[in-house]
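The values are calculated or read from the model by the stated rules, or taken from the named source; none is laboratory data. Nothing here was measured: the structure is a model prediction, and the numbers come from that model. Here Cβ is always computed from backbone atoms with ideal geometry, including for glycine, and neighbour counts include all displayed protein chains. Note: accessible area is taken over every heavy atom of the protein model, side chains too, but ligands, DNA and RNA are not part of it. Shrake-Rupley method; radii C 1.70, N 1.55, O 1.52, S 1.80 Å.
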There are 2 protein chains.
Amino acid sequence: MPDKIAIAIHGGAGTILRSTMTPELQLQYEGGLQAALDAGYAVLDGGGSAVDAVAVAVASLEDFPLFNAGKGAVFNHIGQHEMDAAIMNGKTLEAGAVCGVAHVKNPVLVAKEVMLHSGHVMLGGQGAEEFARQRNMQVEEDAYFYTQQRYNQWQDALKEDKVQLDHTDKKFGTVGCVALDKEGNLAAATSTGGLTNKKFGRIGDSPVIGAGTYANNHTCAISCTGVGELFIRSVVAYDISCLIDYKGLSLKDACNLVVLDKLVKIEGEGGLIAIDKDGNIEMTFNSEGMYRACKDSNGRNEVLIYKE
Amino acid sequence: MPDKIAIAIHGGAGTILRSTMTPELQLQYEGGLQAALDAGYAVLDGGGSAVDAVAVAVASLEDFPLFNAGKGAVFNHIGQHEMDAAIMNGKTLEAGAVCGVAHVKNPVLVAKEVMLHSGHVMLGGQGAEEFARQRNMQVEEDAYFYTQQRYNQWQDALKEDKVQLDHTDKKFGTVGCVALDKEGNLAAATSTGGLTNKKFGRIGDSPVIGAGTYANNHTCAISCTGVGELFIRSVVAYDISCLIDYKGLSLKDACNLVVLDKLVKIEGEGGLIAIDKDGNIEMTFNSEGMYRACKDSNGRNEVLIYKE
């Protein structure tokens, strides 16, 4: 019997209501999730690494225009797309991240390149873009990132002079993936366009190792989505790892404690996906819904949006 | 008897050798440390908050040209000064950070302003500078940050085409402070100019909450200095907090485990300062030396550079 492989992805959490969803739109979301899930799973199934699988799955989510990452990233205050992403290898504890980066087609692939070829963990702003260009990563003109929906959201936010989450219904637009490969290695990756109309180079939790993204074969791999500021202050992803490592909690108990108790107490709305070395998957959120999906070699295949 | 107050600061760790130090230079370093220590302690002694104390002490270290932060920050690859800083309030778990910011005289004070008045935790690059200017924080021309020593180091690094630590003797140039105030509240702050000749908007652990900076009344306050990449991957500051919280370790045992064992195993050279709610202070490092000092209301006053 081959070793178990498993993968989970998310496309953000928040106030996702059936009343504001059309059947057509729901099908599009589900299609985008399934395509990314299948792309990541195919890497694992072919004997590829968890790192490669999460990169491929998140890149697929970045390319899907309905999610707030890569193509479909929200507009910042001055009409640009400043993106954050991170990736971490649970086997080596190597990590890579970019923040406030523009023009790169797939921020998660740049984060992977940072991890493998920069000698650093975190690159920011124009420097990160310059690194991507020197490494011949795919870059795009501003027009590539334009979507009418995001433009309208930005215009609405400008009129109301507010920084807002990425949907008219409150949603934390982020995408992420966690995976377990045939060798028993874990990895996590996260990517986001951040907040519509954001100012001052605001950076959320996605590119912060330990906050929005973390992976360690010894414990788990985690990708978060939620109120970035509170997730940073709570060091959410590493907190779950420590609860497993130092208190002996199960993956499920650790995720429930952090997401459904600790974060709720500070109004830290959002959620996360998590996986451990046995292929257990948790998709935990304290908001109305979370775009999420998972698949494993035992035949599980779920694509979900609302609470069960 | 008034409640105990205590403060500790650092000015970076690394290969600080007596053989390369002159008596005059040592006096300058010790004077800079004592002045910052006294400035922070005076805040605490006057009934001020731990947050204000760490901000004042770190700002003093930033103003001191021999340390790699604020005035005296190293040159990056293109001859600019890109600085990182963070601050965290252990009472509220509020935090603020800036990364890759130029021209602001005191990055730690901008980080505090981010914490108090931005609605965010982390601001990067030109956006962070714009925020500082809008909040009327003190900004300086490039000339303010010029020091002959740093310029020479940059020229040497350019010739050798390498990214280097901030001294000709290998040193992780960072400054930081942790404090306990009369109300029993903890705080931590860290600031750095990063690596000489750094490229691509490289960000280290200093502004990463949980890695280089963390404070929580329930456990401890921490400020780190070392190989930033490894400190990020190890989530060093929050790891110590979790070892205390979840495993019941003392502050001393937690610091020793992380700095003298876990970090050593991955060649994570550096150190940290830590304080808990009882005013226990640890100044732990695995390098040859660490510029450090501490003072408390029991009469302790230490200014140290080398191993004891």
Practice prompt. Place the peptides A:178-189, B:72-83, A:62-73 in order of packing, highest mean first, counting for every residue the other Cβ atoms within 10 Å and averaging per peptide.
Written response: A:178-189, A:62-73, B:72-83
Worksheet item: Roughly how many percent of the accessible protein surface of the stretch B:6-306 is carbon and sulfur, given a 1.4 Å probe and a whole-percent answer?
Response: 48 percent
Discussion item. About the Cα centre, and with charges only on the beta carbon of Lys, Arg (+1) and Asp, Glu (-1), how big is the dipole of chain A? Nearest 20 debye, please.
Written reply: 300 debye
Discussion item. Would chain A count as rounded, prolate or oblate if I go by the C-alpha gyration tensor, calling it rounded below 1.5 in a/c and otherwise prolate when a/b exceeds b/c, oblate otherwise?
Written reply: rounded
Worksheet item: How many partner chain Cβ atoms sit within 10 Å of a residue's Cβ in peptide A:218-229, on average, as a whole number?
Response: 1
Fill in: Kirkwood Rh (inverse of mean 1/r, distinct Cα pairs), the stretch A:170-220, angstrom
12.5 Å
Item to complete: Go through the protein assembly as shown and flag any cysteine with no other cysteine's C-beta closer than 4.7 Å, please.
Response: A:Cys99, A:Cys177, A:Cys220, A:Cys224, A:Cys255, A:Cys294, B:Cys99, B:Cys177, B:Cys220, B:Cys224, B:Cys255, B:Cys294
Item to complete: Could you name the aspartates and glutamates whose alpha carbon sits less than 16 Å from that of B:Lys105, not counting residues in the same chain fewer than 8 places away?
Response: B:Glu62, B:Asp63, B:Glu82, B:Asp84, B:Glu113, B:Glu129, B:Glu130, B:Glu140, B:Glu141, B:Asp142
Worksheet entry | Packing-based ranking, highest mean first, of A:45-51, B:238-244 given that Cβ atoms within 10 Å are counted | B:238-244, A:45-51
Worksheet, complete the sentence: Cα-based Rg then Dmax for the protein assembly as shown, in Å, read 23.0, 77
Fill in: Pairwise centroid distance, computed over Cα atoms, of the stretch A:17-33 with the stretch B:92-160, Å
43 Å
Worksheet item: From the backbone phi of the stretch B:139-144, what are the Karplus-calculated ³J(HN,Hα) couplings (6.51 cos²θ - 1.76 cosθ + 1.60, θ = phi - 60°) in whole Hz, Gly and Pro given as x?
Response: 10, 9, 5, 3, 4, 4
Discussion item. Probe of 1.4 angstrom, ligands and nucleic acids ignored: what's the accessible area per residue over the stretch B:114-187, in square angstrom?
Written reply: 48 Å²
Worksheet, complete the sentence: Taking Lys and Arg as +1 and Asp and Glu as -1, residues besides A:Cys99 with C-beta under 9 Å from its C-beta add up to -2
Discussion item. With just the Cα atoms defining each centre, how far is the stretch A:229-259 from the stretch A:266-282? Give it in Å.
Written reply: 9 Å
Worksheet entry | Chains B and A, summed buried accessible surface - 1.4 Å probe, Å², nearest 100 | 3200 Å²
Item to complete: Order these peptides, A:274-284, B:292-302, by their mean beta-carbon neighbour count within 10 angstrom, highest first.
Response: A:274-284, B:292-302
Practice prompt. Compute the separation of the alpha-carbon centres of the stretch A:34-65 and the stretch A:288-308 and state it in Å as a whole number.
Written response: 15 Å
Practice prompt. Report relative contact order for the stretch A:6-306 in percent, whole number only (criteria: Cα-Cα under 8 Å, sequence separation at least 6).
Written response: 25 percent
Worksheet item: Relative contact order (percent) for the stretch B:9-162, with alpha-carbon contacts under 8 angstrom and 6 or more residues of separation?
Response: 17 percent
Response to the item:
Rounded to a whole number, the mean other protein chain Cβ count within 10 angstrom for residues of A:231-238 is 6
Worksheet entry | Residue-count net charge about A:Glu62 - beta-carbon cut-off 10 Å; Lys, Arg +1, Asp, Glu -1 | +1
Response to the item:
Here the whole-number average of other chain Cβ atoms within 10 Å per Cβ of B:89-100 is 3
